[in-house]
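Since the structure comes first, as structure tokens, the remarks are kept for the end.
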Amino acid sequence: MQLSYLAPWVVFFPVIGIAINLLFGKTLKEKGIGITASLAAGASFLISAVLAFTLSATPGGGTFTLLEWIGIQGFQVDWSFRIDTLSVTMMLVVSGVGTLIHIYSIGYMHADVRHNNDPSRYRRFFVYLNLFIAAMMILVSANNYLMLFVGWEGVGLCSYLLIGFWYEKGKDGTGNALAGRKAFITNRIGDFGLLIALFLIFWYSNPHSLDFESVFKNAGTIAQNAPGVLTAITLFMLLGVAGKSAQLPLYVWLPDAMAGPTPVSALIHAATMVTAGVYLVVRSAALYTLEPAAQSVVMWIGTLTALFAATIALAQYDIKKVLAYSTISQLGFMVAAVGMGAYVAGIFHLVTHAFFKALLFLSAGSVILAMEHTDENAHSGERGGNVHHTDPQDMRNMGGLRSRMKVTFWVYLVGALALAGIAPLAGFFSKDEILAAASHKNPAVFVILAFTALLTAFYMGRQVFMIFFGSPRSKEAGQASESPAIVLVPLLTLALLSLAGGAFNFPGIQTLEHWLEYSFERIPLPPAEFIPWVAGVSLVLALVGILTAWAVYGRKPLAKASDPDPLSKPMNGVFSLLENKWWVDEVYQALILNPYQRFSAWLANTFDLGVIDAISAGLAALTRGFASLLALLQNGYARTYALVITIGVVLLLTFFFLR
């Protein structure tokens, strides 16, 4: 493929940005740091666009080998870049949305580092942000599973660094650090599954290989010669997907990831880490297609996750946590789609979701900035360490912002309607393709996902009405003002993409489907369909959800922040259950963490101290005793040494005489 040699630059440019900011950041100052990091991400997007243009002229793609990485007795893994329509699509999403988030961060972090009284961390933030883009680019451009795993671990590290960016803040001064640790450990569980899958792929491939082409070519042979192995590979892979893409039961880290600065939330939820699991299943479609049972498990995990997370979002008050559970739910839609074999529909929703979810998170950041700006001493329990009277992320403290933040209101509304699935916004078309596939594949899945779409429209309507309508419910809301242009420009760009993104796979044209089919040569792709009755049901459900939200929260808005939620009384104890997230964290604490901690304490006190330390202490005491005996001979008297020599000579003579 022509220009394939450009592929490594999608990684090199963010790395160059990191190097410049590390070496010259103090000289560049804040503006220079932000511009350098943004240009690095933008250059990566430009290379991705050039690769996409080249692919459009030369369909099929190719690879570019940068260097030989591992070579051991016939087993070779190259650091090789794969340029096909799937990888380039992911490159465009990661670098494109990532660049907008970088630009937004220039303005957001200028205020955030001062709000947290540590402007020196501004440079560190952009170094981490560029590192995130570089790691994700390695993941999506890899030509083998081992290189993919390097990027996979890289985004896990970056999420840990960025979620705990204000590590000394949060509940009890440790909340943010614990959130970062929770994300890191939860993902290690998923990574264990992916590692086992890679070990099995290597061992049962003939010849041993981790290159995509070789593995996919031999997948049928593995299925025939080693029954059950391909099932194990795909299910262990699913464990990795559950970790990275926040599916049941490993979703618990993602809501706590809100501890990071808002641009981090947007980057994790929209363009990078959480999309990695969906991409892994689509890239491994040749394996999953041969295992219908594993596909069914993937489908049901996604479906149940979508419903479960949507129910929790109904009763949350933190502006970012509503969006976090929404992300988990929408990822469930994507995972369900790829589990049904509707790979194009899954990628289509991944792309449109990147647009409107980045828009929603960054717009939420604009709201938070406005709430914090009016009270420089305020600090949210999620992000700050000080207890104060107004949480700038609590929607109950907002209200009336529509008139004070007009641009933010309109872009937020666009994002909310796109997520709710209102035509003709992008989310309507991508969600409709998933529902259409479900209507053919499994009626029960269709009903669950359709009901989830209704809940989605309701909780997004609830959020918009609580934030922007009614009267201000706090002094901060009453004094809020619009964000600066550096914050608003990326929002307007993402709003435009959320409006027009449906054109990427518009019914009857199916541009994305025709584009991606070159990456699925071995797999029969089900044609994307526009089914009028499915689209009609989807749209009606979305409108019903929004109208219900207006009836509950818009017609009679909350008058005070302390007023009970209108749903709390009619839903009785169910609302409390949802507000407390089904008590999942508490169940994990009781069933897993507490027993593990008790076992660890027993192991430390009984076995470690009682056995291991006792053996060490005994050996030390024996050595000291022996040394004490030897010390009796080393007393400094010449007569003692003469006596010892005499005894030694006598013993030697006796020995030789007896022989």
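Structure data summary
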| read-out | value |
| --- | --- |
| Integer Hz, Karplus 6.51/-1.76/1.60 couplings in order for the stretch 402-410, x for Gly and Pro | 4, 7, 9, 9, 5, 5, 4, 4, 5 |
| Average accessible surface area per residue within the stretch 456-540, 1.4 Å rolling probe, Å² | 45 Å² |
| Cα-based convex hull volume of the stretch 94-246 per residue, rounded to whole Å³ | 106 Å³ |
| Pairwise Cα inverse-distance average, inverted: Kirkwood Rh of the stretch 81-163 (Å) | 13.7 Å |
| Residues Ser403 and Ala57, FRET efficiency given R0 of 60 Å [Cβ-Cβ distance, rounded to 0.05] | 0.75 |
| The stretch 259-366, Cα convex hull volume normalised per residue, Å³ | 81 Å³ |
| Difference of contour (0.36 nm per residue) and Cα-Cα distance, Ala500 to Arg639 | 39.8 nm |
| Along each principal axis, Cα extent of the stretch 1-126, largest first, Å | 54, 37, 21 |
| Dipole magnitude (debye, nearest 20) for the chain, charges at Cβ of Lys, Arg, Asp, Glu | 1060 debye |
| Calculated FRET efficiency for the pair Ser628/Arg522, C-beta based, R₀ 60 Å, to 0.05 | 0.20 |
| Nitroxide proxy distance, nm - points 7 Å out along Cα→Cβ at Arg598 and Ile486 | 5.3 nm |
| Accessible-area order (highest first, 1.4 angstrom probe) of the listed residues Phe75, Phe468 | Phe75, Phe468 |
| Computed accessible area, Phe607, all protein chains, 1.4 angstrom probe, square angstrom | 100 Å² |
| For the stretch 66-75, Karplus couplings with θ = phi - 60° (6.51, -1.76, 1.60), whole Hz, Gly/Pro x | 7, 6, 7, 8, 10, x, 9, 6, x, 9 |
| Largest-first principal axis extents, alpha carbons of the stretch 613-659, Å | 48, 31, 6 |
| Ser576 paired with Ile612, simple spin-label distance in nm, labels 7 Å along Cα-to-beta-carbon | 4.4 nm |
| 0 to 90° range, to nearest 10: angle between helix 613-633 axis and the chain longest Cα axis | 30 degrees |
| Rg [Å, one decimal], Dmax [Å, integer] - the stretch 516-659, C-alpha atoms | 41.5, 115 |
| Accessible area of the stretch 189-246 divided out per residue, in Å², using a probe of 1.4 angstrom | 41 Å² |
| J(HN,Hα) series, the stretch 86-95, from Karplus relation 6.51 cos²θ - 1.76 cosθ + 1.60, nearest Hz, glycine and proline x | 5, 5, 5, 4, 5, 4, 5, 5, 4, 6 |
| Sulfur and carbon atoms: percent of accessible area, the chain [1.4 Å] | 68 percent |
| Residues with amide H under 5 Å from that of Thr65, placed H, sequence gap 5 or more | Phe81 |
| List Glu372, Glu521, Glu529, Glu291, ordered by accessible area with a 1.4 Å probe, largest first | Glu521, Glu529, Glu291, Glu372 |
| Nonlocal amide H pairs with Asn144, under 5 Å, H built at 1.01 Å | Phe212 |
| Accessible-area ranking of Glu30, Glu213, largest first, probe 1.4 Å | Glu213, Glu30 |
| With all protein chains modelled, accessible area of His208 [1.4 Å, Å²] | 80 Å² |
| Over the chain, volume per residue of the alpha carbon convex hull, in Å³ | 229 Å³ |
| Solvent-accessible surface (1.4 angstrom probe) belonging to Tyr596, in square angstrom, nearest 10 | 150 Å² |
| Within straight-line cross-link reach of Lys171, lysines at Cα separation under 20 Å, skipping those fewer than 8 residues along the same chain | Lys182, Lys320, Lys321, Lys581 |
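The values are calculated or read from the model by the stated rules, or taken from the named source; none is laboratory data. From a predicted model like this one, the values you see are computed outputs, not experimental measurements. In this analysis, Cβ positions are derived from the backbone assuming ideal geometry, glycine residues included, and neighbour counts consider all displayed protein chains. The protein model used for the area step is the full one, side chains on, heavy atoms only, and it has no ligands, DNA or RNA in it. Shrake-Rupley method; radii C 1.70, N 1.55, O 1.52, S 1.80 Å.
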